[in-house]
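Worksheet: the structure to be examined is printed underneath.
Rule-based calculations on the coordinates, nothing more; no lab input. Everything quoted here is computed from the prediction, not taken from an experiment. Cβ sites come from the backbone with ideal geometry, for glycine too, and all protein chains shown count toward neighbours.
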Amino acid sequence: MPEEPPPTPWHLPAPHEWPLDDMVALGADLAPGTLLAAYRSGLFPMPAPTGDVAWWSPVDRAVLPLDAMRVSRSLRRAARHFEIRVDTAFAQVLDACADPRRPDGWIDGGVRAAYTTLHELGWVHSVEAWRDGRLAGGLYGIAIGGLFAGESMFHRETDASKVALLGLVDLLTDDHAEDRVLDVQWATDHLLGLGVVELSRGDYLARLDRALSLPLPARWR
């Protein structure tokens, strides 16, 4: 089971205090207790251009319903050539996601250190697609009860990140699947093509409240 860190000393704004904008606050830190409190309240961090921590809650929040992922026949065929592993190469996954050559990269040294600490405490996980003994793609995110908040994904081979996402969906699909929340933050054309939908902020927070009361998937208990 994950280890609960000391609580955050910071006041995180409550939803009724949030502006009608995706970014709702600046400041605080990336300590484990702060991050957990943020995700539990519907926020996630990304660095601001000023160097401060910016806290986000998209007005239109993207989620992937576990029963709605679109798996084409070609993806299903591709999946047969990969092995899904969980938490066997977290540092490698994080390094690949943080590669500074990637466009719009936002994972800096502080973010890497923060999520590595949460991984060591049992809250952050990697799902990996391996082929012929090589890490071909993967993703990482934070699991709290029935919430899995996806943070980033990468691929080195065609379809490898999609296969990792399919592996995550399989991992989360259990008796509580209908109420679990797989959060992907913002919708992109790529994610919409995989079955991602957008929820209003209010609907997302209501879904989150239910999800947090659920047990973790069996793999992470």
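Conditions: (1) of a type outside the set (Lys, Arg); (2) surrounded by 20 or more Cβ atoms within 10 Å (Cβ to Cβ); (3) free of Cβ contacts under 8 Å to residues at least 40 places away in the same chain. Residue 157 meets all but one. Number of the miss?
(2)
What tally of residues in segment 19-35 results from selecting those that are more than 20 Å from the chain's Cα centre (by Cα) and either surrounded by fewer than 15 Cβ atoms within 10 Å (Cβ to Cβ) or in contact (Cβ under 8 Å) with a residue 40 or more places away in the chain (or both)?
Of the residues in segment 19-35, 5 are more than 20 Å from the chain's Cα centre (by Cα) and either surrounded by fewer than 15 Cβ atoms within 10 Å (Cβ to Cβ) or in contact (Cβ under 8 Å) with a residue 40 or more places away in the chain (or both).
Answer yes or no as to whether residue 93 is over 15 Å from residue 155 (Cα atoms), aliphatic (A, V, I, L, M) and in contact with a strand residue (DSSP E or B) (Cβ under 6 Å, 6 or more places away or on another chain). I'd like the intermediate steps shown before the answer.
Details: over 15 Å from residue 155 (Cα atoms): no; aliphatic (A, V, I, L, M): yes; in contact with a strand residue (DSSP E or B) (Cβ under 6 Å, 6 or more places away or on another chain): yes.
Answer is no for this residue.
Only one of (1) farther than 26 Å from residue 197 by Cβ; (2) touching a residue at least 24 places away in the same chain (Cβ under 8 Å) fails for residue 112. Which number is that?
Unmet condition: (2).
Mind checking which residues of segment 89-105 are touching a residue at least 40 places away in the same chain (Cβ under 8 Å) and either loosely packed, with under 15 Cβ neighbours inside 10 Å or in contact with a Pro (Cβ under 6 Å, 6 or more places away or on another chain) (or both)?
92, 99, 102
For segment 161-179, state whether one or more residues are without any contact (Cβ under 8 Å) to a residue 40 or more places away in the chain, of a type in the set (A, V, I, L, M), part of a helix (DSSP H, G or I) and farther than 25 Å from residue 4 by Cα.
no
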